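A quick write-up on the structure given underneath.
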Amino acid sequence: MTTETPTPTPTPGRYAIDVPRSGITFTTKHLFGLGTVHGSFRLRGGAVSLTDPPTGTRVDAVADAASFDTGNEKRDSQVLSKTLLDTAGYPDIAFNSTAVEADGAGAWVLRGQLTAHGVSAPVTFAVTKAEAVGDEIAIEATTTVDRYAHGVTKLKGLAGRYLHLTATVRARRADDGPAGPGSPGE
């Protein structure tokens with residue numbers, strides 16, 4: 001059995017997000033900041049279009065809002081209801097990148113628009129991992145989302161305002177050529 005060693009620089013091209021192996025985890029506060037809540041969302045799908053140089057890279061992903069899960073059925077039901085996420089009316093949480101930039105310290109940031117609860121707001125992810133293994137890429141990125149920026153403002157104090165997200169994405173090569181015009185999001 002052979003094992004491929006990760007390489008630090010993924011090959012340019014289009015990659016389809018491997019939904020079962022990707023997801024979003026988060027932490028937030030509740031009860032006026034006294035407790036920490038851990039949870040997750042599942043992705044529905046998306047694509048990564050890597051370019052060389054990386055500044056032209058695009059990422060488009062959609063999470064299933066109804067997959068919000070903290071392991072507490074009562075809390076999860078309330079968050080999914082019209083009181084907060086209203087997943088019946090807004091079933092998707094979408095991210096569409098607008099820029100990839102070096103942060104000056106040798107790392108990359110991914111800027112874009114996050115649409116949740118029908119409201120788009122800018123968000124910046126710090127890319128903490130981007131590597132290739134065979135025909136796949138593995139990306140991890142973190143950000144903090146202000147739910148108030150998306151119009152989710154009820155239950156102040158009881159439900160945390162900020163969610164600290166970690167997106168873990170595995171994506172499989174979807175073509176044999178480099179990314180370019182016609183890439184996801186263009």
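We did not get these values from a lab; they are worked out from the coordinates using the rules stated. Keep in mind the model is a prediction, meaning the values are calculated, not measured. Because the Cβ atoms are built from the backbone with ideal geometry, glycine has one as well, and the counts that use them run over all protein chains shown.
Within the range 15-102, list the chymotrypsin sites (Phe, Trp or Tyr not before Pro) lying in a DSSP loop whose Cβ has at most 11 other Cβ atoms in a 10 Å radius. Each step should come with its number before you reach the end.
Numbers: sites: Y15, F26, F32, F41, F68, F95; in loops: F32.
Sparse-neighbourhood loop chymotrypsin sites (Phe, Trp or Tyr not before Pro): F32.
For the chain, which longest stretch is free of loop sites, where a loop site is one of the trypsin sites (Lys or Arg not before Pro) that DSSP puts outside H, G, I, E and B and that has at most 13 other Cβ atoms within 10 Å? Here the longest run is 1-81.
Taking Cα pairs under 8 Å and at least six residues apart, what relative contact order does the chain come out at, in percent?
Numbers: 460 pairs, mean separation 53.7, N = 186.
Relative contact order for the chain comes out at 29 percent.
Under 17 Å of direct C-alpha separation, and excluding same-chain neighbours fewer than eight residues apart, K29 reaches these lysines: K74, K154, K156.
Over what distance in Å are the Cα centres of the range 19-55 and the range 86-144 separated? Between the Cα centres of the range 19-55 and the range 86-144 lies a distance of 8 Å. The structure shown yields Cα extents along the principal axes in Å, and of the options [x] 48, 38, 34; [y] 42, 35, 23; [z] 41, 33, 30 that calculated value carries the label [x]. Using Cβ point charges alone (K and R +1, D and E -1), the dipole size of the chain about the Cα centre works out to roughly 860 debye.
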